[in-house]
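Notes for the one structure printed next.
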Amino acid sequence: AQIGGEDCFFVYYQNYCSHFAKGEECAFCNLVSTHKTYDSVLTRKDIKDIGEVAAAAFSEGMCKHILLTGGCFSHQREVALVVSIVDSIRTALGTDTVPGTILPSATIDEEDMRRYRDTGIGAIGYSMEIWDEALYKAYCPGKANSVPHDDYFNAIGKAVQVFGPGNVYGVLVMGLEPRRSFIQGIRELSAIGANIVPFVWSPNPGSRLEGHRAPTAEWFVDTI
């Protein structure tokens, strides 16, 4: 586990994504390769261990909220896994609710969303990545094949209905598409009650875009 920002308990529950096996991973992602690069990365984390470590971090005052995410794989397995992890954290904390956010694969199934909500987690996010539809297909071939652009948008809208406005995040990678389409995505997602996470892109080692240059710092500042 890591501490993100000042007080976020951050866990990749597994460093695995089925899109890598097909050569259809997102071009900016190095999720799977990090296991080979860093010997300290555990590909799969034990559910009970996550709960115990979270409880220790909260009890010591280091963390106040959580963020859970992982790569794409069998949908029903992922739903069951995420539900089990949040249940483990809630039990370890001895609370009815868990402050924080989960970032699972997108689903338009409202029953799955309700299963997530009923764990007591405070918020949910979906990593749409790229707003421009053509660029989404180019940068994220695996995701585009499994969850088309419009389905991602609809999933975020349904999540707002289940979790409520202000409790849903649309994650966009900032720096891989023109500013105009990026801003358009923010406007349209905001209009349906979603918050936006502008994930600042850098050319991660081990990703397909390793060695490419990111936009200038001024571009990021001006866009924000």
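The values are calculated or read from the model by the stated rules, or taken from the named source; none is laboratory data. Predicted model only: the values in this text are computed from it and were never measured. We place every Cβ from the backbone using ideal geometry, glycine too, and count neighbours over all the protein chains shown. Just so you know, the surface numbers come from the protein's heavy atoms only, side chains and all, with ligands and any DNA or RNA stripped out. Shrake-Rupley method; radii C 1.70, N 1.55, O 1.52, S 1.80 Å.
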Rounded D (µm²/s) - the chain, Kirkwood Rh over Cα pairs, Stokes-Einstein at 25 °C, 0.890 mPa s
136 µm²/s
State to the nearest 20 debye the size of the charge dipole of the chain about its Cα centre, where the only charges are +1 on K and R beta carbons and -1 on D and E beta carbons.
200 debye
Which of I108, T223, H149 sits farthest toward the positive end of the charge dipole of segment 71-224, with +1 on the Cβ of Lys and Arg and -1 on the Cβ of Asp and Glu?
T223
Could you tell me which trypsin sites (Lys or Arg not before Pro) in segment 153-224 are loop residues by DSSP with no more than 14 other beta carbons within 10 angstrom of their beta carbon?
R213
Can you give the accessible area of V11, probe radius 1.4 Å, in Å² rounded to 10?
10 Å²
Could you quote the convex hull projected area for segment 44-156, Cα atoms only and averaged over all directions, in nm²?
7.3 nm²
How many percent of the alpha carbon pairs in segment 162-224 exceed a separation of 17 Å?
46 percent
With a point put 7 Å past each Cα toward its Cβ, work out how far D118 is from N145 in nm, to one decimal.
3.3 nm
Expressed in Å to one decimal, the Kirkwood Rh of segment 70-127 from all distinct alpha-carbon pairs is 11.5 Å
